[in-house]
Amino acid sequence: MTLSNEQFKRNLYSKAAKKATNELEENTVWALADLNHAADDAIETANDLVDTIKSIAYVSRMKLNLGVNREMHGDKKILEAATLQEGSGTEMTYHEIQSLRTWMNDSLDQIETNLERLQEAQQAEKPVLVGQEKIAKDLEELNAK
C-alpha cells in the first residue's frame with residue numbers, strides 16, 4: 001500500500017514528535033510541521049501562479065504575432081473578448097489572477113506566522129539545549145581527568 005503525500009507527512013510529523021525528549025522540543029517539532037505544511041501550500045499556489053502567467057505570456061505573444069483580434073481556441077482562450085453566450089476569457093483570467101494573489105498572500109501570511117511560532121519555540125528550548133551542552137562538556141572534562 002502506498003501512502004499519500006499527506007499521510008506520509010503526518011507519519012513524519014508524528015515520528016518526529018515521538019523522538020522529542022521534552023515538551024519544548026515537541027513544540028518545536030509541531031511548529032516545524034506547520035511551517036512545512038504552509039510552505040507546501042505556498043509552493044502549490046506559486047506553481048499555479050507561474051503556470052497562469054506563462055499562459056498569459058504565451059497567448060499574448062501568439063495574439064501579437066497572429067493578429068490581436070484572432071480568436072484562439074481550447075486552453076488558449078484565456079485572453080478572448082466577451083461574447084453573449086459565455087464570459088470573457090480575459091475577465092476570467094483577471095479573476096483567476098486576483099484569486100491566486102489572495103491565496104499567495106494568505107500562504108505567505110501563514111508562513112510568516114509559523115516562522116514566528118518556530119522562533120518562539122526555539123527560543124524557549126534554547127536554555128535547555130545550552131544546559132544540556134554544558135552538562136555534556138563538564139562530563140567529558142571529568143572523564144578526561
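The values are calculated or read from the model by the stated rules, or taken from the named source; none is laboratory data. Computed from a prediction, not measured in an experiment: that's the story for all the values here. Please note: Cβ atoms are built from the backbone with ideal geometry, for glycine as well, and neighbour counts cover all protein chains shown. Accessible surface is based on the protein model in full, side chains and every heavy atom, while ligands, DNA and RNA are left aside. Shrake-Rupley method; radii C 1.70, N 1.55, O 1.52, S 1.80 Å.
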If you check A42 against the conditions, is it touching a residue at least 60 places away in the same chain (Cβ under 8 Å), under 27 Å from Q119 (Cβ atoms) and open to solvent by less than 70 Å² (accessible area, probe 1.4 Å)? yes
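Quick one: how many residues across the stretch 9-24 are surrounded by fewer than 17 Cβ atoms within 10 Å (Cβ to Cβ) and in contact (Cβ under 8 Å) with a residue 24 or more places away in the chain? If you could, list the steps in order and put the result at the bottom.
The first filter runs over the stretch 9-24 and keeps only residues surrounded by fewer than 17 Cβ atoms within 10 Å (Cβ to Cβ), leaving 9-12, 14-23.
Checking which are in contact (Cβ under 8 Å) with a residue 24 or more places away in the chain leaves us with 9, 22.
Matching residues across the stretch 9-24 total 2.
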Where residues in the stretch 25-36 are within 14 Å of the chain's Cα centre (by Cα) and without any contact (Cβ under 8 Å) to a residue 60 or more places away in the chain, which of them is surrounded by the fewest Cβ atoms within 10 Å (Cβ to Cβ)? N36
Return yes when A136 is without any contact (Cβ under 8 Å) to a residue 40 or more places away in the chain, assigned to a helix (DSSP H, G or I) and either over 13 Å from the mean Cα position of the chain (by Cα) or farther than 30 Å from T45 by Cβ (or both) and no when it is not. yes
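Any idea which of A16, A57 is within 30 Å of G131 (Cβ to Cβ), at pLDDT below 95, aliphatic (A, V, I, L, M) and assigned to a helix (DSSP H, G or I)? Break it down stepwise before answering.
Details: A57 fails: within 30 Å of G131 (Cβ to Cβ).
That would be A16, the only listed residue that is within 30 Å of G131 (Cβ to Cβ), at pLDDT below 95, aliphatic (A, V, I, L, M) and assigned to a helix (DSSP H, G or I).
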